[in-house]
Each structure stands twice: as C-alpha cells, then as structure tokens.
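Have a look at the structure below, then the notes.
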Amino acid sequence: MNKNKIVELKAISKEFNGEQVLSEISLDIHDNEFVTLLGPSGCGKTTMLRIIAGFETPDSGDVYFDGVRINDVPPYKRELNTVFQKYALFPHLNVYENIAFGLRQKKCPEQEISDRVKEALKMVNLSGFEKRSTEKLSGGQQQRVAIARALVNRPKVLLLDEPLGALDLKLRKDMQNELKNIQHLTGITFIFVTHDQEEALSMSDTVVVMANGRIQQIGTPTDIYNEPVNAFVADFIGESNILDGVMLSDYKAKFAGHVFDCLDKGFDKNEPVDIVVRPEDIDIVPLEKGMLRGKITQLTFKGDYYEIICDIKGFKWMIQATDYVEPDSEVGVYIEPDAIHVMKKSEYSGMFGDYSTFSDEFEHISDTEEESEDE
Amino acid sequence: MNKNIAEAVPPPERKRVKLPIFSEIAAVPHMVWLALFVVLPLIFVVYYAFTDIKGDFTFANIAALSQHAGTFLTSVCYALIATAICLLIGYPLAFAISRASAKRQGLLIMLLMIPMWMNLLIRTYSLMAILDDGGIINGLLSAVGLPELHIIGTAGAVIFGMVYDFFPYMVLPIYSVMTKQDTRLIEAAYDLGCNRLSAHFKVTLPLSVPGIVSGITMVFVPSISTFYISQKLGGGTKELIGDTIERQINNPATRNVGAAISLVMMILILISVTVMNKFSDDDDKGGVII
C-alpha cells in the first residue's frame with residue numbers, strides 16, 4: 001500500500017490513575033482505508049481513538065495528521081469528525097439542526113448548508129426527516145443522523161466509536177453494509193472501534209487487534225484470521241483450538257501425541273510452539289482413517305453446521321462439521337497440513353484452554369460495554 | 001406440593017391491582033393536608049375577595065386595587081432586579097460547581113445549602129445587624145477611617161436581602177440540570193468545530209434552560225410576595241405588595257381588600273410561571289420544580 005499516510009501514531013503511551021492504558025503504540029493509517037481497532041473491553045482502543053480525535057493527550061509519543069504533528073491541536077481544529085458511542089445527538093436541536101451544526105460553526109452560507117444537509121440525509125436514507133426531533137427517532141435512525149452529522153463536514157478521517165453497539169443484530173448487519181458503502185462512496189478514511197470480531201472482519205481493509213494497551217497484530221482480515229501471531233489473537237478472532245506443540249523440524253509439528261505435516265518452517269529444532277487449528281478445518285473420519293481418535297462429548301445443531309466437542313486424550317476440541325455424528329461415539333480426526341498454523345510462544349500462551357468449559361454464554365462476557373475506558 | 005407453590009405465588013394480575021390501592025392509601029394524609037391547608041384557604045381568599053365586611057357580594061375590593069398599583073409595580077421591579085442579580089451570579093456559579101471534581105462539588109453545594117438550614121427570618125434579622133447604621137459593616141468602615149454608609153432602609157438593602165435569602169434557589173436547579181448533562185455532547189460540539197466558549201453557548205446553555213426557568217421562578221415568586229425583608233431591611237419606608245397584603249389582612253376592616261390583592265397576585269404569578277415554563281418545553285429533563 002503506497003498511499004499517503006493520513007494518520008500516524010508514534011510510540012503513544014497513556015496512563016489513567018497509574019494504570020497503563022496504552023504502551024508505545026505505533027500505527028500508520030492511510031488515505032481511503034477502513035481501519036478497525038479491535039479488542040476486548042479495556043484494551044485501550046477507545047482511548048486511542050480519543051487521542052486521534054483530540055479529547056485526550058498522550059503522555060508520550062506523537063500524533064501526526066497529514067504529516068503535521070497535532071499533539072497540541074484542539075479537537076475543533078482537527079479535520080476529522082467522530083460518530084460517538086450512543087450517538088451524542090443534541091437533544092435541543094432537530095435532525096436538520098443537528099446535521100447543520102458543524103457547517104454553521106464554519107459559517108457556511110445558508111443555501112450551502114441546506115444543500116449539504118439534504119445530501120447527507122439522502123446518503124443515510126433519512127430524506128424527509130429534517131424537522132423531526134432526535135429524541136423521537138429509533139436507535140438506528142439516531143445512528144444515521146450521527147453519521148450524517150459527521151459526514152456532512154466532509155472530514156478527511158471519520159472516527160467511529162462502537163457505533164453499532166446499541167443496535168439489534170439485524171439492524172447491525174444492515175448498518176455494516178451501509179457504512180462500508182458510504183466509505184467506498186466518499187473515499188473518507190474510516191477508523192472504526194469495535195469489540196465485535198465478526199464486524200471487524202467483514203468491514204475492514206485493515207484490522208488492528210489490541211490487548212492490554214498494546215497492538216497484537218495488524219493485517220488484513222484474512223491475515224488476522226489465517227495467520228494469527230499469538231494465542232490471544234487466535235482466541236479472540238473466531239473459534240480456535242490452541243494446543244501446546246513442538247516444532248520437530250521444518251514442516252513437522254508434534255502435538256496431541258501425533259506428528260503432523262504442516263506448512264510452517266523457520267523455527268528452532270524442537271522449539272515449543274502454540275498450534276492453532278480452526279474448528280472448520282478439522283475433518284471427522286472413520287476411526288481407522290483418523291490421525292487422532294476421540295470421543296464426541298457434545299453436539300449442538302447450529303443450522304448450517306454442527307458444533308461438536310470432541311475429547312482427544314483429555315483435550316476438548318471444537319469441530320464444526322456439516323455431517324451428523326452420534327454423541328458418545330468414537331471417531332477419527334483428520335487434519336490437513338494447511339489447516340495447521342504454528343505460532344511462537346507468547347505471554348498469552350497457555351491462557352486459553354480447551355473447550356471443556358465452553359458455553360455460548362461466555363461469548364457475551366466480552367460484549368459488555370466499554371464504560372471503564374471512557375472515564 | 002405443586003399446588004402449594006401455585007398458591008404461594010399470587011398471580012401477577014392480583015399484584016398489579018394491589019399496587020395502585022396501596023399508593024392511593026399512601027397519598028391520603030397528603031390529600032387531607034392539601035384540602036385543609038391549601039384548597040380551603042384558597043376558597044376563603046376567593047370568598048373574602050368578592051364580599052364586603054357584612055358578607056355581601058361586591059366588586060368593590062377588586063376596584064380598590066388600583067390604589068396599590070404603585071406598590072405593586074415597585075414589588076415587580078425589586079423582584080425582577082433581585083432575580084436578575086441571582087441569575088447573573090448564580091449561573092456561572094452553578095456551571096463552575098457542576099464542572100468541579102465530585103468531592104469539591106459536594107463541599108460547594110453544602111456551603112450553598114448551610115444558610116438554607118436556618119430560618120429565613122433569622123437570616124434576615126442577622127442581615128439587619130450587618131447592614132444597620134451602627135452595624136458590622138459601618139463599624140468596619142469607621143474602624144479603618146472611612147465615612148459610614150447609610151444602607152439600611154434603601155432599595156439596595158431590600159434587593160440585597162432578597163438576593164441573599166433566595167440565591168440558593170437559583171443555583172440549585174441550574175446545577176442539578178448541568179450535572180445531568182452528557183459530557184459527550186460537549187465533546188460532540190468540540191468535534192464539530194466549537195471552541196469552549198461556543199460549545200457552552202450552543203450546547204450547555206440551551207440544555208440548561210429548564211434549570212434556569214426553574215431558578216427564575218423560585219427566586220422571583222418569593223421575592224415578589226415577601227414582606228418581612230422589606231420591613232426589616234427597608235426600614236418601613238419601602239412598602240412592597242407583600243407588606244400591603246399583610247397590613248390589610250391584619251386589619252379586620254380591610255381584610256377583604258387584602259384578600260382581593262392576594263387573589264390578583266396569585267393569578268398574576270400563575271400566569272407568569274406558566275409563561276416561563278413555556279420556554280422550557282420539555283418538563284421531564286429534571287430540575288423543573290414548579
């Protein structure tokens with residue numbers, strides 16, 4: 001990507017009340033890019049966005065915008081706009097005045113304001129809503145007004161702080177598509193903050209995975225999914241079986257008591273590693289054809305596939321398969337070389353166990369809103 | 001077993017019926033209170049306003065009102081000036097308190113409230129001791145060799161008394177509305193190109209209107225009807241409409257005229273409060289007390 005760098009973060013650190021929220025963050029964001037900052041609550045992603053917006057100043061490090069250092073530039077002088085979590089629409093102004101707010105501040109002529117507000121409303125499919133009170137709109141409509149209010153200023157960069165967090169699933173999917181379209185249409189750089197990995201993967205050009213105030217991995221959605229750099233990323237993005245393994249030599253990995261062919265190389269001989277196998281890459285085969293054998297302990301019908309928990313030598317694997325298998329039966333398991341991803345050991349190794357305590361409910365724990373970071 | 005459980009848990013319908021009955025019973029003491037000490041006196045006021053000493057129906061009391069128009073105008077002027085001063089000092093103060101740290105907010109609000117724990121009459125009396133010709137201020141002035149000031153008995157003293165007595169009622173509702181404001185709205189204003197000052201006037205101020213309206217009402221209404229402040233600090237020379245009402249009602253011969261003035265006052269206050277509340281079209285924002 002040899003596009004112009006629009007936002008550059010250089011070694012940004014920030015602490016609140018003695019707690020390190022961001023440590024030495026460096027990141028380049030390019031023109032016309034859809035970048036998502038992805039991570040669990042408290043990982044520092046919202047703080048990072050607020051530093052770019054100018055609501056927080058970094059303790060150390062520099063922020064550049066279009067090549068100019070903007071550490072000390074107040075938010076109202078930055079050529080970017082924000083779509084806030086829970087929208088932050090002005091309750092004393094109607095839809096038209098909310099959207100016109102930024103233009104009035106710039107002292108645009110009334111005719112131009114009117115034209116641009118109409119155009120922005122059209123872009124978010126809310127034509128005819130000018131006179132409505134913002135408080136009488138549904139969540140999705142308020143969301144659209146918030147996006148229009150930011151876009152109407154034609155910023156170079158649009159910051160979006162968990163903008164879809166308060167919407168229900170269906171609306172969320174629609175808005176994801178719409179946001180993506182708007183980004184294509186306008187060519188504005190989007191910096192999108194979310195804790196929803198699916199949202200991040202489906203919308204972004206570049207995903208920045210964060211944890212504990214550090215960037216874990218920067219890459220395209222496919223890179224992040226297929227080549228996670230450590231156990232944290234592998235666990236956070238999608239479902240994964242993460243096992244302790246040993247790299248015997250190039251292309252030979254030993255885990256679960258079996259030596260597998262794989263496509264990875266460049267590790268030391270007998271180097272301990274973390275192995276990731278995605279549940280959809282595992283085949284259930286007749287016992288005699290399996291590389292491993294295990295017992296089916298749980299089977300959940302998910303509509304287009306079965307989610308299977310399989311006990312192999314005490315480690316509970318998650319497998320996603322389209323064919324039914326009998327619970328409690330013994331099966332063979334087959335893993336293709338390209339389904340195995342080998343990662344260096346990291347501080348996160350061993351933090352993510354098997355699926356023995358797995359329940360769908362755990363999924364939602366990470367969905368709690370990020371209030372703590374906003375203080 | 002199952003049957004017992006079914007009996008132990010009352011059906012939800014029954015619960016829903018019970019609650020209003022309970023809340024109605026809870027409201028009875030207050031209802032009785034209202035009837036005895038608000039509605040009944042009001043009926044008396046209306047009755048006296050339209051009758052003469054013998055109890056015959058008459059418009060004479062209402063007709064006599066024109067004699068008091070001057071006093072009434074003075075009262076309105078004093079109350080307006082006092083309200084304006086309270087607003088000019090109170091709004092910035094409420095804003096400053098609402099933006100202070102939580103700990104400091106508690107302290108500042110307590111300092112504001114402490115005078116309210118004392119009886120208004122006592123506070124007015126102590127103000128007398130401070131402002132009097134031989135009082136504390138003049139004592140200080142002569143101690144440093146400056147000429148004494150004649151404060152008590154002037155319009156300034158009366159207005160000062162009103163401001164002093166009713167000031168917290170201006171600050172508290174504005175403060176309460178301001179603390180409830182979402183700080184993200186201010187950030188949104190910054191984001192859309194406002195500096196601190198314009199963000200204040202375009203967002204904080206308009207959103208504080210319900211509190212301001214409530215504050216104005218709560219200062220203006222007691223100021224316009226006060227009588228003891230003008231008696232104590234006005235030195236008997238500055239009669240306000242409250243004093244007129246008190247004097248007329250205390251004299252059995254003019255009681256009916258007093259009732260008529262009260263009635264007209266009440267109606268005028270009611271009208272002005274209604275008009276004021278029109279400015280804060282949204283009542284459920286909090287802070288609107290009257």
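Rule-based calculations on the coordinates, nothing more; no lab input. Remember, predicted model here, so these are calculated numbers, not experimental data. Cβ sites come from the backbone with ideal geometry, for glycine too, and all protein chains shown count toward neighbours.
Here are the numbers for the structure shown:
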quantity: Karplus 3J(HN,Hα) series, Hz, for segment A:203-212 with 6.51 cos²θ - 1.76 cosθ + 1.60 (x for Gly, Pro); calculated: 9, 8, 7, 10, 10, 10, 8, 10, 8, 6
quantity: Percent antiparallel among DSSP beta bridges (both partners in segment A:5-226, rounded to 5); calculated: 55
quantity: Rounded FRET efficiency, nearest 0.05, which uses the C-beta distance separating B:LEU107 from A:LYS344 and R0 of 56 Å; calculated: 0.55
quantity: FRET efficiency, B:LEU80 to A:THR220 (Cβ-Cβ, R0 56 Å, nearest 0.05); calculated: 0.25
quantity: For B:180-190, mean number of other protein chain Cβ atoms within 10 Å; calculated: 6
quantity: Within a Gaussian network of chain A (alpha carbon springs, distance under 10 Å), most fluctuating of A:ASP323, A:ASP354, A:ASP244; calculated: A:ASP323
quantity: For chain A, built as a Gaussian network whose Cα springs stay under 10 Å, the top-fluctuating residue of A:ALA150, A:ALA166, A:ALA211; calculated: A:ALA166
quantity: Span-like helix ranges in chain B, DSSP H, alpha carbon extent 15 angstrom or more, Kyte mean at least 0.5; calculated: B:69-98, B:102-113, B:120-131, B:155-180, B:205-225, B:255-279
quantity: Förster-model FRET efficiency, 41 Å R0, A:LYS289 and A:GLU239, C-beta, rounded to 0.05; calculated: 0.95
quantity: Chain A: most fluctuating residue of A:SER60, A:SER329, A:SER346 per GNM, C-alpha cutoff 10 Å; calculated: A:SER329
quantity: Using θ = phi - 60° and Karplus 6.51 cos²θ - 1.76 cosθ + 1.60, couplings along segment A:312-317 (whole Hz; Gly, Pro as x); calculated: 10, 6, x, 9, 8, 9
quantity: For segment B:61-84 and segment A:273-314, distance of Cα centres in Å; calculated: 89
quantity: Simple spin-label estimate for B:ASN251 and A:ARG154 in nanometres, 7 Å along Cα-Cβ; calculated: 7.7
quantity: Segment A:5-226 - charge dipole about Cα centre, Lys and Arg +1 at Cβ, Asp and Glu -1, debye rounded to 20; calculated: 760
quantity: Label point at A:GLU330 placed 7 Å out along Cα→Cβ; residues across segment A:293-313 whose backbone nitrogen lies under 13 Å; calculated: A:293-296, A:313
quantity: Inter-label distance, nm, simple model (7 Å from Cα along the C-beta direction), B:ILE136/A:ASN32; calculated: 7.4
quantity: Placed amide H near A:PHE190: partners under 5 Å, 5+ positions off or other chain; calculated: A:GLU33, A:PHE34, A:VAL35, A:LEU158
quantity: Whole-Hz couplings from phi, Karplus 6.51/-1.76/1.60, listed for segment A:48-57; x for Gly and Pro; calculated: 4, 4, 5, 5, 5, 6, x, 7, 10, 10
quantity: Segment A:29-61 and segment A:89-128: distance between their alpha carbon centers, rounded to Å; calculated: 27
quantity: For segment B:103-139 and segment B:257-280, distance of Cα centres in Å; calculated: 29
quantity: If the convex hull is drawn through the Cα atoms of segment A:240-366, its volume per residue in Å³; calculated: 110
quantity: Given A:LYS86/A:LYS136; A:LYS5/A:LYS107; A:LYS265/A:LYS313; A:LYS252/A:LYS313, the pairs whose alpha carbons are separated by over 19 Å; calculated: A:LYS5/A:LYS107; A:LYS265/A:LYS313; A:LYS252/A:LYS313
quantity: Folded to 0 to 90 degrees: helix A:110-123 orientation relative to chain A principal axis, Cα; calculated: 20
quantity: Nonlocal amide H pairs with A:VAL21, under 5 Å, H built at 1.01 Å; calculated: A:LYS14, A:GLU15, A:PHE16
quantity: Among A:98-110, B:170-182, B:256-268, the order from most to least packed when residues are scored by Cβ within 10 Å on average; calculated: B:170-182, B:256-268, A:98-110
quantity: Shielding by partners - mean other protein chain Cβ count within 10 Å, residues of A:80-93; calculated: 5
quantity: Quotient of C-alpha Rg and 2.2 N^0.38 Å, computed over the protein assembly as shown; calculated: 1.39
quantity: Distance (nanometres) between label positions extended 7 Å along Cα→Cβ at A:THR57 and A:ALA166; calculated: 3.1
quantity: Contact order normalised by residue count of chain A, Cα under 8 Å, 6+ apart, percent; calculated: 16
quantity: Expected 222 nm ellipticity per residue - DSSP helices of 4 or more, -39500 (n - 2.57), all of the protein assembly as shown, to 500; calculated: -14000 deg cm²/dmol
